């Protein structure tokens, strides 16, 4: 299969090594990066991290010890959405697919929706772990999905911005992959009602996309992972 080529080859530094990515299979933020890399057909080296025994290389890139982390052409990068944008701006895919829009206004709009997802969906999603906040967090997540659902309908689909995968899809999909955890442990589901029809149609399409299929985590694997963390008394943090 053809691989992506670097943009601005003439400006490339003498370091011709492959992009290296440190990740954890269970981390939704890391899945954003693998999703983007697969979508762009980038050649890279994937290094799975034992989050209980973090390697020095990871800590040199990100002193916080979080994944994803990347090193490319001497650049040390972390924070998932920043990494995804770097990937998109650095590589030209064989199919000429871009993650970010070219038009500045549309690019800004995509970033604003990523911010919305972070604040109105992902933050309350993690708050479900706390029993005293759970019911309120569930409602906040549903409110977020309701707003996003309307945007999905406006785009005409099958993805957030229309016919091609974009930044918002990659930002959100890994967390929807993990809704099975909320369903299994916290009895949370997005209702199959008209209010959320845009969301459900989008999710059906995402699940059939090859780049999502190549990077998703199996439901049973995630459930067993959380069960083991609960048994060990470890906090279910990122």
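Laboratory data are not the source of any read-out in this text; all were calculated from the coordinates shown. Computed from a prediction, not measured in an experiment: that's the story for all the values here.
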Using alpha-carbon positions, what is the distance between the centroids of the range 110-172 and the range 56-74, in Å?
27
Before anything else, pin down the relative contact order of the chain: Cα pairs under 8 Å, at least 6 apart, normalised by residue count, whole percent.
20
Report the convex hull volume per residue for the range 174-238, counting only C-alpha atoms, in Å³.
98
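Once Rh for the range 43-114 is found with the Kirkwood sum over Cα pairs, what is the Stokes-Einstein diffusion coefficient at 10 °C and 1.306 mPa s, in µm²/s?
On the way: Rh = 14.0 Å.
It comes out at roughly 113 µm²/s.
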Scattering profile of the range 5-92 at q = 0.24 Å⁻¹ [log10 I(q)/I(0), Debye over alpha-carbon scatterers]:
-1.25
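For the range 104-232, what does the convex hull of the Cα positions come to per residue, in cubic angstrom? Write down the numbers at each step before the final one.
Details: hull volume 14.2 nm³, N = 129.
Spread over its residues, the Cα hull of the range 104-232 gives 110 Å³ apiece.
If you average the sequence gap of Cα pairs under 8 Å that are 6 or more apart and divide by the length of the range 128-238, what percent do you get for the contact order? Please report the intermediate quantities before stating the final value.
Numbers: 83 pairs, mean separation 31.6, N = 111.
In percent, rounded to a whole number, it is 28.
Send over the per residue convex hull volume for the chain, Cα only, as a whole number of Å³. Show your work: numbers first, answer last.
Details: hull volume 31.3 nm³, N = 238.
Each residue corresponds to 132 Å³ of Cα convex hull volume.
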Taking every DSSP bridge whose two residues both lie in the chain, the antiparallel percent to the nearest 5 is 65
